[in-house]
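Novice: Supplied in structure tokens, the structure appears directly below.
No lab work stands behind these numbers, since they all come straight from the coordinates. Given the structure is predicted, the values throughout are model-derived calculations rather than measurements. So basically every Cβ, Gly included, is an ideal-geometry build from the backbone, and we count neighbours across all protein chains shown.
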Amino acid sequence: MKPPPKRLSDLRGGSPATGTYAAPTPKVSRQKRAKVLTPAERAAFLASRPDLKPKT
């Protein structure tokens with residue numbers, strides 16, 4: 001026989017909300033920032049990749 005379905009009221013709550021966020025961990029701080037291409041770089045990249053051209 002299947003166990004009865006769980007209700008939200010049956011589940012235990014997580015840790016209480018603190019109201020402020022903790023400082024980022026070192027791993028998060030080390031992540032590289034994304035490089036944003038200039039319009040000229042973007043045009044050059046798309047020119048070198050014909051398979052990425054939008055379909056018209």
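Novice: Could you give the nm distance between label points at residue 27 and residue 41, where each point is 7 Å from its Cα heading toward the beta carbon?
Specialist: About 2.8 nm separates the two model spin labels.
Novice: Next up: Please list 35-43, 1-9 highest first by mean number of surrounding beta-carbon atoms within 10 Å per residue. Walk me through the numbers before you get to the answer.
Specialist: Details: 35-43: 9.0, 1-9: 5.6.
In decreasing order of mean packing, 35-43, 1-9 become 35-43, 1-9.
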